[in-house]
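Inspection log for the structure reproduced underneath, given as structure tokens.
The values are calculated or read from the model by the stated rules, or taken from the named source; none is laboratory data. Bear in mind that the values here come from a model prediction, so they are computed numbers and not experimental data. So basically every Cβ, Gly included, is an ideal-geometry build from the backbone, and we count neighbours across all protein chains shown. With ligands, DNA and RNA removed, areas are computed over all heavy atoms of the protein, side chains included. Shrake-Rupley method; radii C 1.70, N 1.55, O 1.52, S 1.80 Å.
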Amino acid sequence: MQDRRGDGVELLRPADLEALLDALRRGAVPLGGGAGLMSAAFADAWGRTAVDLGGLGLDGAVDGRVGAMVRLSRLAALCEGRPAIAQALAATGHPGVRRLITLGGVLGARSPRADLPVALAAAGATVSVLDAADGTVRELPALDLWDLPGPFAVLAVDLGPGMPGVYRRFTGHQAIAPSLVSVAAVRRPDGRVAVCVGAALARPRLVDPDELPGPDELLDDGEASAGYRHRIMRLLVAEACEALASDQADQADRADRADPAPLDGPGRCDTPSPPLAAAPAEATVLVDGGAQPAPDGARPTDSLAWWLRDRGHLAVKVGCEEGTCGACTVSLNGEPVPACLVPVARLADGDRVDTAAAVAGRPGGRAVIGALAEAAAVQCGFCTPGVLVSCGSWMDRHGALPADEEGIRGMLAGHLCRCGGLAAAARALCGVCPGAASDATSDTAPDATSDTASTPECVREVTV
Ligand SMILES: Cc1cc2nc3c(=O)[nH]c(=O)nc-3n(C[C@H](O)[C@H](O)[C@H](O)COP(=O)(O)OP(=O)(O)OC[C@H]3O[C@@H](n4cnc5c(N)ncnc54)[C@H](O)[C@@H]3O)c2cc1C
Ligand code: FES
Ligand code: FES
């Protein structure tokens, strides 16, 4: 495999908390979903040792206590009655990113602009942390993470009881850009309203709505002046408190509900699991239905996208390499994800990866290709394979694509088309279902497991 990241990162797989503590003390960086680690923004983590938390039983949930390795898309299922957290979740990235990033990763990154910590703090959530400084596991208010001076690993989060709340964010550019100001307001059981402000400050902070931080305390940079952030913050706090006073606060975010998925994992998050069994020597992954040896010796920063392309799966396009364009989307165990953000070292025996080449050979894929071709909704075609994978996964789960353009746009959030946007595609795809393949499309349908030789035109023409 080509080394596109310079020096690789060594990956440790601790079997228990003691081994994790040892790794942290030796300077290892916890690896959550790996999305941050794979994108350029976290380049400073390269060249160090990563410690994989995947084998420690941190991927379950019990009574609002959620393991650090739970993905945000799974967390959505636990947000019934916690609207502020649900809305902050729905505001985080796009669905493909939420299927990869973990609760522990979002908190552990301690990004001043992250959405979820703001809502968790307003909701009074507490975090269970292994602190490498003294070797203890402690329960902290979510915002106290910012005070930990040394290495630590988030093990679990207690979301707290259900409470009315709202989350608001303001971005300067497009909807998926990081917040300039974010605000969560939650009515606690004693009637008090807790308000947390994020993104405008160097770290999120619980504030008194009547005594908000002044401009001198706010970030002032090329994206926005402190004065501008101050005005937005006042507006958002007032709006959030008003919404909380009315009954809007109980409405969970619709986008979040559109992607419900049951929690997987062993269902526990407070006790370490037995050691992760070593992958059997003959471990294989299924790529487009064909068995491939599971990656051995891959570095954490080697991406699934390049691993696939290096093996001839050229329907996987690589664009931004930071999870924003959707060109590299593949289906991983049935869920569409940006393959550029998936550390290939994470592939395990029996994992199923489907690229656009496989989706194109199925009735649903043929129907999508037929609809796009009929509407002439494809220009250069670079974005098309990723779109096809997302459509195929949606049809597998729901039987047909969303009936209206708004639903299609929600499904395709995270796909960017550099030619003409996806407006024509959104119109063409409304309500498409597997049975909708036109005769002409069906007659020339490719073999589902074949490679580029039988891949249909709109996928093949961009196979470079
Ligand atoms: C395309 C894209 C869009 C995004 N959009 C948003 C957004 O809208 N809002 C938002 O809030 N965030 C957004 N993010 C940022 C994202 O939330 C962070 O990158 C997050 O850290 C990724 O989580 P992860 O599980 O993949 O973490 P990783 O990449 O595995 O790790 C990220 C950092 O957290 C540390 N870490 C991981 N797990 C733990 C743990 N259990 N304990 C302690 N430290 C840990 C790692 O060492 C590393 O420093 C976006 C990221 C991408 C790539
Ligand atoms: S999202 Fe992976 S290349 Fe752009
Ligand atoms: S058709 Fe060119 S990127 Fe979408």
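Accessible area of THR384 (1.4 Å probe, protein heavy atoms only, ligands and nucleic acids ignored): about 10 Å².
Note on exposure: ILE232, ILE408 ranked by accessible area (1.4 Å probe, complete protein assembly) read ILE232, ILE408, with the most exposed listed first. Summarised in one figure, the compactness ratio Rg/Rh of the range 43-132, Cα atoms and Kirkwood Rh, is 0.95.
Accessible area per residue (1.4 Å probe, heavy atoms of protein chains only) ranks TYR228, TYR167 as TYR228, TYR167, with the largest value leading. With Cα atoms defining each centre, the range 77-152 and the range 194-224 are spaced 18 Å apart in the structure. Filter the trypsin sites (Lys or Arg not before Pro) in the range 384-440 down to the DSSP loop ones having no more than 12 other Cβ atoms within 10 Å, then list what survives. Qualifying residues, ordered by number: ARG418.
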